[in-house]
Amino acid sequence: QLQASGGGLVQPGGSLRLSCSASGGSVMINVMAWYRQAPGKQRELVAIISDRGSTTYAESVKGRFTISRDNAKNPVDLQMNSLKPEDTAVYYCYAITTKGTTYWGKGTLVTVSS
C-alpha cells in the first residue's frame, strides 16, 4: 500500500515536500509517479520517475517541481517550489511493480492560497 503525506496550506510562492511511503511487504517497483486532481478536473500526471532515475514532468510544473526516489526509505518524494494557486489539488502517488501491478496511494491535499 502507498500513503502520501506532506500536503497542507501554503502561500503562493511557497514550497512543500510530499512523501510517499509504502507498506505491506517488499516489492520491486519499476516506475513511480505523482498525479494530482483539482476540484472539477480530471486527474493529471505531474511527474514520473523510472527505476533508473529518469524523469518526466508536466509542462505546468517544469522547473518548479522535482521528483526523487530512495528505495531504501520513502519510495518517492515530490519537492514543490514556487507554488501557484493553480497547483491546488489532491496529490496521489502511483507505482508500477516489475510484475506490472499498479498501486495508488491515498491522496494528500495541497492548497495554495494567500
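Read the figures in this text as sums done on the coordinates, not as results from a lab. Bear in mind that the values here come from a model prediction, so they are computed numbers and not experimental data. Positions of Cβ are generated from backbone atoms using ideal geometry, with glycine treated the same way; all protein chains shown enter the neighbour counts.
Miscellaneous remarks
- Lysine pair count for the chain with Cα-Cα distance under 22 Å and sequence separation of 8 or more or different chains is 6.
- Using θ = phi - 60° in the Karplus curve 6.51 cos²θ - 1.76 cosθ + 1.60, the 3J(HN,Hα) couplings for segment 77-93 round to 10, 9, 8, 10, 10, 6, 5, 10, x, 6, 7, 4, 4, 8, 9, 10, 9 Hz; x is entered for Gly and Pro.
- Those GluC sites (Glu not before Pro) in segment 28-114 that DSSP places in a loop and that have at most 10 other beta carbons within 10 Å: Glu59
- Stretched out straight at 0.36 nm per residue, the stretch from Gln1 to Thr97 would grow longer than its current Cα-Cα span by 33.4 nm.
- The chain: mean projected area of Cα convex hull, nm²: 6.7 nm²
- Spin-label pair Thr56/Gln37, simplified geometry with 7 Å Cα→Cβ offset, distance in nm: 2.2 nm
- Coupling constants for segment 57-69 follow from the phi torsions by the Karplus curve (6.51 cos²θ - 1.76 cosθ + 1.60, θ = phi - 60°), and in residue order they are 10, 5, 4, 5, 10, 4, x, 10, 10, 9, 9, 8, 9 Hz; glycine and proline get x.
- Look at where the Cα atoms of segment 1-72 and of segment 83-114 average out, and the two centres are 6 Å apart.
- Sequence-distant residues sharing a close amide H with Gly14 (under 5 Å, placed H): Leu83
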